[in-house]
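For reference, the structure discussed in these notes is given below.
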Amino acid sequence: MRTNIEERACDLAAYIIDNKATVRAAATQFGISKSTVHTDAT
């Protein structure tokens with residue numbers, strides 16, 4: 001997992017779009033909390 005927030009946000013966005021994933025699924029896949037996914041996405 002990358003620690004740079006901008007890179008992580010891009011990785012999360014790509015994962016969510018490519019897999020039509022939910023925030024919960026993305027959080028599980030990346031090993032982070034749902035709150036972190038929301039924060040990075042916004």
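Annotations
- Here is how the number arises for the chain: DSSP H runs of 4 or more residues each give -39500 (n - 2.57), the sum is divided by the residue count, and the result at 222 nm is -22000 deg cm²/dmol.
- Divide the volume of the convex hull around the Cα atoms of the chain by the residue count and you get 58 Å³ per residue.
- Estimated dipole of the chain in Debye, rounded to 20 [Cβ of Lys and Arg +1, of Asp and Glu -1, Cα centre]: 200 debye
Read the figures in this text as sums done on the coordinates, not as results from a lab. Just so you know, these numbers come straight off a predicted model, no measurement behind them. When we count neighbours, we look across all protein chains shown, and the Cβ atoms used for this are built from the backbone with ideal geometry, even at glycine.
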